[in-house]
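To keep things clear, I will list the structure first and then write my remarks on it.
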Amino acid sequence: MADIARLAGVSASTVSRALSGSPLIPEATSQRIRDLARQLNYKVNVGAANLRRRDVNTVGVMVLGDPMKAMSDPFLLSILGAVADALDSKGMNLLLSRIKTDDPEHLSTLVDSGQVGGLIVIGQLTWHDRLNHLAATGLPLVVWGACLPDAIYPVVGGDNLQGGYEATNHLIRQGCRRIAFFGDTQHPEVRLRHQGYARALAEAGLELDPRLHQAFLFGDTRIREVIDKWLDQGESFDAVFAASDVTAISIIGALGERGVAVPSQVKVVGYDDIAISAHLHPSLSSVRQPTQTAGAALVELLLERMAGQPSRANMLPTELIRRESSA
């Protein structure tokens with residue numbers, strides 16, 4: 001910019017105003033400056049300019065976990081779509097970035113560099129303490145995940161405890177007594193769903209059998225191996241509560257390949273209520289998460305943090321959708 005100012009015989013501030021389209025600069029001067037900038041291949045550093053003005057209108061969205069698996073997860077895609085719609089309604093843009101799990105400082109770098117004004121993080125995985133640390137530094141971020149009592153960061157999430165309880169209680173009312181749970185309780189959201197599962201069993205006087213708990217991540221391909229092993233060994237189970245619809249769909253497929261009918265022999269309930277759940281055969285009973293509401297809530301809480309307002313949590317209600325797989 002200093003070079004352009006010297007060549008044009010004006011000040012650097014005049015160059016800045018001209019390149020930003022200020023009406024205060026005469027058109028002839030602006031044109032001369034634009035021509036020089038084009039000849040020198042000069043590009044305005046939008047991030048730096050926004051950072052100076054504190055007027056960044058782009059929000060970074062980070063998905064924790066394997067980026068390839070995340071981008072194929074229908075529930076995560078629905079959350080991303082809802083966030084994009086909410087940002088668009090406020091005239092803001094979305095920057096989707098891959099997060100490096102071995103580089104937690106990557107989150108703060110995006111904000112400090114001026115590329116984004118704040119961050120929306122989808123998922124917690126085992127990052128709760130790191131997210132707390134980043135929030136304590138003043139980083140403007142909001143997280144989709146479990147509403148944990150010691151969270152410093154703002155969080156939006158479904159009522160996972162109640163969702164897990166309702167799903168399991170529904171299976172119990174359907175006459176099931178040996179209900180398996182598929183989900184990795186190292187994840188805060190899944191841990192709360194499992195607590196709801198355990199509470200429903202306890203209220204019904206049913207045993208919490210650790211043999212019926214499979215700590216798999218969402219969409220884990222080993223699910224079929226477990227179903228085969230259980231059936232080969234004669235493991236007794238009459239229902240499965242899966243911590244995600246993707247897992248539930250895999251379970252129904254594995255049972256079908258072994259000639260086990262759903263729901264007459266084993267009933268299945270998933271979690272998330274992704275769009276395809278209603279169109280499967282049998283259609284999948286699932287705990288619905290309010291994705292459209294979630295997108296707007298995430299943006300609202302982030303804007304509050306960017307404005308310096310206190311952190312808060314927003315727990316959204318969940319709803320059990322009963323379909324054929326648990327009939």
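Which residue, ALA215, GLN39, LEU280, has the largest displacement toward the positive end of the dipole of the chain when charges sit on each Cβ (Lys, Arg +1; Asp, Glu -1)?
GLN39
As a check on your grasp of the helix formula, calculate [θ] at 222 nm for the chain: sum -39500 (n - 2.57) over DSSP H runs of n ≥ 4, divide by the residue count, round to the nearest 500.
Theoretical 222 nm ellipticity from helices: -13000 deg cm²/dmol.
For the chain, modelled as a GNM with alpha-carbon contacts under 10 angstrom, which of ALA294, ALA12, ALA135 fluctuates the most?
ALA12
Can you give me the long-range amide H partners of LEU141? Hydrogens built in the peptide plane at 1.01 Å from N, cutoff under 5 Å, separation of 5 or more residues or another chain.
LEU119
Mind checking which aspartates and glutamates have their C-alpha under 14 Å from LYS90, skipping anything on the same chain fewer than 8 residues away?
By straight Cα distance, LYS90 reaches ASP55, GLU300, GLU304.
I need the shape label for the stretch 188-297. Rule: rounded when a/c is under 1.5, else prolate if a/b > b/c, else oblate, with a, b, c from the alpha carbon gyration tensor.
Values: a/c = 1.79, a/b = 1.25, b/c = 1.43.
The shape class here is oblate.
Using only the Cα atoms of the chain, each taken as one equal point scatterer with no solvent, compute I(q) by the Debye sum, divide by I(0), and report log10 of the ratio at q = 0.07 Å⁻¹.
Those come out to -0.39, one per q.
On a full-extension model of 0.36 nm per residue, what is the gain between ARG224 and ASP209, subtracting their alpha-carbon distance, rounded to one decimal in nm?
The ARG224-ASP209 span can extend by a further 3.4 nm.
If one takes the longest principal axis of the Cα atoms in the chain, at what angle in degrees, from 0 to 90 and to the nearest 10, does the Cα axis of helix 74-89 lie?
30
Say the dipole of the chain comes from +1 at the beta carbon of Lys and Arg and -1 at that of Asp and Glu; which of GLY196, GLY114, GLY60 then lies farthest toward its positive end?
Of the options given, the answer is GLY114.
Assign unit charges at the C-beta atoms only (+1 for Lys and Arg, -1 for Asp and Glu), then state the dipole size of the stretch 2-44 relative to its Cα centre in Debye, rounded to the nearest 20.
Numbers: 6 positive and 3 negative charges, 16 e Å.
Its charge dipole is roughly 80 debye.
Nearest 10 degrees, 0 to 90: what angle lies between the long axis of helix 27-39 and the longest principal axis of the chain (Cα atoms)?
Taking the Cα atoms of the chain, the angle to 27-39 is about 60 degrees.
Cut-off under 14 Å on the C-alpha distance; same-chain residues fewer than 8 positions from LYS43 excluded. Which aspartates and glutamates are left, in chain and number order?
Filter leaves ASP3, ASP35.
About the Cα centre, and with charges only on the beta carbon of Lys, Arg (+1) and Asp, Glu (-1), how big is the dipole of the chain? Nearest 20 debye, please.
Computed about the Cα centre, the dipole is about 920 debye.
In the Gaussian network model of the chain, springs joining C-alpha atoms below 10 Å, which of GLY91, GLY157, GLY21 carries the largest mean-square fluctuation?
GLY21
State the antiparallel share, in %, of DSSP beta bridges confined to the chain, rounding to the nearest 5.
Antiparallel bridges make up about 10 percent of those DSSP assigns within the chain.
Quick one: angle between helix 223-233 and the longest Cα principal axis of the chain, in degrees between 0 and 90, rounded to 10, please.
10
Output the antiparallel fraction of DSSP beta bridges having both residues in the stretch 209-327, as a percent to the nearest 5.
Of all bridge pairs located within the stretch 209-327, approximately 30 percent are antiparallel.
Go ahead and set up a Gaussian network model of the chain, Cα springs under 10 Å, then flag whichever of ALA239, ALA136, ALA146 fluctuates most.
Residue with maximal mean-square fluctuation among ALA239, ALA136, ALA146: ALA136.
None of the figures in this text is laboratory data; all of them are computed from the coordinates on show. Being a predicted model, the structure only gives us computed values, none of them experimental. In this analysis, Cβ positions are derived from the backbone assuming ideal geometry, glycine residues included, and neighbour counts consider all displayed protein chains.
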